[in-house]
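Asker: I am attaching a structure below and will ask some questions about it afterwards.
The values are calculated or read from the model by the stated rules, or taken from the named source; none is laboratory data. This structure is a prediction, so every number in the text was calculated from the model and none was measured. With ideal geometry, Cβ positions are generated from the backbone for all residues, glycine too; neighbour counts draw on all protein chains shown. Accessible surface areas use protein heavy atoms only, side chains included; no ligands, DNA or RNA. Shrake-Rupley method; radii C 1.70, N 1.55, O 1.52, S 1.80 Å.
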Amino acid sequence: MKSATLTENPYADLALTPEFFASRRQELMRRLGKGGVAVIRSAPEHIRSNDTHYRYRQDSDFYYLTGFHEPDAVCLLIPDHPEHQYVLFVRPRNPERETWDGRRVGPEAAKERFGADATYSIEQLDEQLRKYLEKTEIIHFRFGRDEDFDKRIFNLLKYYRYWRQRNGVGPHAIVDLSETLHEMRLYKSSQEIDLMRHAAAIAASAHKEAMAAVHPAMSEYEVEAIIENRFRREGASGPAYNSIVGGGINATILHYVENSSKLEDGDLLLVDAGAEYQFYCSDITRTYPINGKFTPAQATIYEIVLEAQIAAINLVSPGTQFDEIHQKAVEVLVDGLLKVGLLTESREKVLEEHLYRKFYMHRTSHWLGLDVHDTGKYVVDGESRKLEPGMVLTIEPGLYIGESEEIPQASRRIGIRIEDDILVTETGFEVLTSEVPKKIEELEAIVGKG
Ligand code: GLY
Ligand code: MN
Ligand code: MN
């Protein structure tokens, strides 16, 4: 199997442009309405152990509006301000700290590089916030991520109570910013779609490399290493979520991330791994036999999941309701389970009483974007949301059959999920992850042949 990298890929070295971030800020300010102000906080840093941190990853909302990726920053968007509609607070330059912890852009360069109307050191935040907010009415803020910062925002409201009584203006309410911003993030622009195509291409190349290498006596963590090594070699920041590499019974644990067992001859391997490229995620699952050949029972169950996945994907089109995709997948899975005798009640009863949940206990889809489980409502006006061009979702049905006595021996220890990333287009759909084989004969032709 060829393991050359994707340097020929036309999407390599892409990044969102300053114009993209500016257009997102303009659109959000338009939606905030009169008197609105948005306060967006960078992601906090998290301790991994003692005095070392997890690798920093900017908050998706913050990134979407600024392109700025340092911690300890705040962005204000104030549509009614005469001069400073976009204000950034960032860490001050500090040569000594920068020698230890890495470069800082600093307020001066941030103004130039990130296009802010005004920039300040983060140390001036409280003082400047009081000035910038004094003529606003409603603070749009996503609380719940950083308790200390939440407190500072609540304290501002307390401060402004007196001010408002005296001056008749000043913020008096906090609205969850998700209501506006998260709806915007659901619709991907062509720049974002290009990045997602590239994140998908990287993950696809990694899955194929892993497939070609897999053989009995390997360990789950070796497969994980191949995948994540490829992610980094291709310029991804790393996995978009903790990679799941589960052989045999481990594949029936939905969020199995230990990846610590030996692979067994005769078992299936489930690999759920996606890359993050320029902050955008891909999310792919493939399941295949560790020794390169499906047993008849494995093949039968696999075909049911594949049929469900393809039927669900084929429904994707503007106007289709999000829930119809899940319903379709469930129906095909149920028909298959009835046919092979793993469910024996009537079809009606199985569907009505959700008896299939014994083998299929999760939903079929989620939005995908800057977050692997991306933002945007699934229900609008009481109805399952209709798909529209520019939305990206996963389709990932599965069947998980444990080791219980009531299951025929040959069908035990089977965990199968097949997951692709789907862009809704004007006329239908585009599978962003179609490069990764999923038909039985394709998988048998590649697994272990590296
Ligand atoms: N890997 C996370 C998910 O598929 O939703
Ligand atoms: Mn997923
Ligand atoms: Mn996944």
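Asker: Could you tell me whether the stretch 400-414 includes any residue that is within 16 Å of ligand 3 (Cβ to nearest atom) and farther than 17 Å from Gln321 by Cα?
Answerer: Looking through the stretch 400-414, at least one residue is within 16 Å of ligand 3 (Cβ to nearest atom) and farther than 17 Å from Gln321 by Cα.
Asker: Let me ask something additional. Report, by residue number, each residue of the stretch 351-366 that is crowded, with 18+ Cβ neighbours inside 10 Å and within 10 Å of ligand 2 (Cβ to nearest atom).
Answerer: If the condition is that a residue be crowded, with 18+ Cβ neighbours inside 10 Å and within 10 Å of ligand 2 (Cβ to nearest atom), then Thr364, Ser365, His366 are the ones that fit.
Asker: While we're looking at this one, here's another question. For the stretch 97-152, give me each residue that is of a type outside the set (Ser, Thr, Tyr), buried (at least 18 other Cβ atoms within 10 Å of the Cβ) and in a strand (DSSP E or B).
Answerer: Ile139, His140, Phe141
Asker: Now a separate question. Quick check on Asp335: is it modelled with pLDDT of 95 or more, within 15 Å of ligand 1 (Cβ to nearest atom) and of a type in the set (D, E, K, R)?
Answerer: no
Asker: Criterion first (in contact (Cβ under 8 Å) with a residue 40 or more places away in the chain and over 32 Å from the mean Cα position of the chain (by Cα)) does Tyr132 satisfy it?
Answerer: Yes: the conditions hold for Tyr132.
Asker: Which of the residues that make up the stretch 70-91 are under 17 Å from Arg24 (Cα atoms) and not in a loop (DSSP other than H, G, I, E, B)?
Answerer: Listed by number, the residues that qualify are Val74, Cys75, Leu76, Leu77, Tyr86, Val87, Leu88.
Asker: Next up: Of all residues in the stretch 19-69, how many are in a loop (DSSP other than H, G, I, E, B) and within 24 Å of Lys188 (Cα to Cα)?
Answerer: The number of residues fulfilling the criteria is 9.
Asker: Can you tell me which residues in the stretch 203-231 are away from ligand 2 (no atom under 16 Å from the Cβ), closer than 13 Å to Ala273 by Cβ and not hydrophobic (A, V, I, L, M, F, W, C)?
Answerer: Selection gives Ser205, Lys208, Glu209, Glu220, Tyr221, Glu224, Glu228, Asn229, Arg230.
Asker: Looking at the stretch 382-402 only, could you name the residues that are more than 29 Å from Glu276 (Cα to Cα), touching a helix residue (DSSP H, G or I) at 6+ places or on another chain (Cβ under 6 Å) and either part of a loop (DSSP other than H, G, I, E, B) or within 16 Å of ligand 2 (Cβ to nearest atom) (or both)?
Answerer: Within the stretch 382-402, just Gly402 meets the criteria.
Asker: Can you go through Thr425, Thr433 and tell me which one is surrounded by 14 or more Cβ atoms within 10 Å (Cβ to Cβ) and within 16 Å of ligand 2 (Cβ to nearest atom)?
Answerer: Thr433
Asker: Let me ask you something else. Find the residue count for the stretch 304-329, including only residues that are in contact (Cβ under 8 Å) with a residue 60 or more places away in the chain and either hydroxyl-bearing (Ser, Thr, Tyr) or surrounded by 16 or more Cβ atoms within 10 Å (Cβ to Cβ) (or both).
Answerer: Looking only at that region, the number is 17.
Asker: Please verify whether Thr285 is open to solvent by less than 30 Å² (accessible area, probe 1.4 Å) and touching an Asp or Glu at 6+ places or on another chain (Cβ under 8 Å), treating the condition exactly as stated.
Answerer: Spelling it out, Thr285 is indeed open to solvent by less than 30 Å² (accessible area, probe 1.4 Å) and touching an Asp or Glu at 6+ places or on another chain (Cβ under 8 Å).
Asker: Can you tell me which residue is farthest from ligand 3 (Cβ to nearest atom) among those in the stretch 262-309 that are within 22 Å of the chain's Cα centre (by Cα) and hydrophobic (A, V, I, L, M, F, W, C)?
Answerer: Selected residue: Phe279.
Asker: Given the condition of a type outside the set (A, V, I, L, M, F, W, C) and touching a Gly at 6+ places or on another chain (Cβ under 9 Å), answer yes or no: does some residue in the stretch 222-230 qualify?
Answerer: Yes - at least one qualifying residue is present in the stretch 222-230.
Asker: Just give me the residues in the stretch 368-407 being aliphatic (A, V, I, L, M) and touching a Gly at 6+ places or on another chain (Cβ under 9 Å), in sequence order.
Answerer: If the condition is that a residue be aliphatic (A, V, I, L, M) and touching a Gly at 6+ places or on another chain (Cβ under 9 Å), then Leu368, Val372, Leu387, Met391, Val392, Leu399, Ile401 are the ones that fit.
Asker: Pick from the stretch 277-306 the residues that are under 23 Å from Asp61 (Cα atoms) and among the polar types (S, T, N, Q): which of them is nearest to ligand 1 (Cβ to nearest atom)?
Answerer: Residue satisfying both the conditions and the ranking: Ser282.
Asker: What number of residues within the stretch 219-228 satisfy the criterion of being assigned to a helix (DSSP H, G or I), open to solvent by less than 10 Å² (accessible area, probe 1.4 Å) and not aliphatic (A, V, I, L, M)?
Answerer: Result for the stretch 219-228: 1.
Asker: Is it true that Ala38 is over 22 Å from the mean Cα position of the chain (by Cα), surrounded by fewer than 20 Cβ atoms within 10 Å (Cβ to Cβ), at pLDDT 95 or above and farther than 20 Å from His198 by Cα?
Answerer: For Ala38, the condition - over 22 Å from the mean Cα position of the chain (by Cα), surrounded by fewer than 20 Cβ atoms within 10 Å (Cβ to Cβ), at pLDDT 95 or above and farther than 20 Å from His198 by Cα - is not met.
Asker: A further question on this structure: Under the condition of being more than 13 Å from ligand 1 (Cβ to nearest atom) and open to solvent by less than 10 Å² (accessible area, probe 1.4 Å), which residue from the stretch 260-276 is nearest to Glu234 (Cα to Cα)?
Answerer: Leu269
Asker: Run Leu423 past the list (1) within 16 Å of ligand 1 (Cβ to nearest atom); (2) part of a strand (DSSP E or B); (3) within 30 Å of Phe62 (Cβ to Cβ) and report the number of the one that doesn't hold.
Answerer: (1)
Asker: Would the stretch 229-248 turn up any residue that is open to solvent by 10 Å² or more (accessible area, probe 1.4 Å), in a helix (DSSP H, G or I), within 15 Å of ligand 3 (Cβ to nearest atom) and not basic (Lys, Arg)?
Answerer: Checked against the condition, which is being open to solvent by 10 Å² or more (accessible area, probe 1.4 Å), in a helix (DSSP H, G or I), within 15 Å of ligand 3 (Cβ to nearest atom) and not basic (Lys, Arg), the stretch 229-248 yields no hits at all.
Asker: Could you please find all residues in the stretch 351-395 being within 14 Å of ligand 1 (Cβ to nearest atom) and among the small types (Gly, Ala, Ser)?
Answerer: Ser365, Gly369
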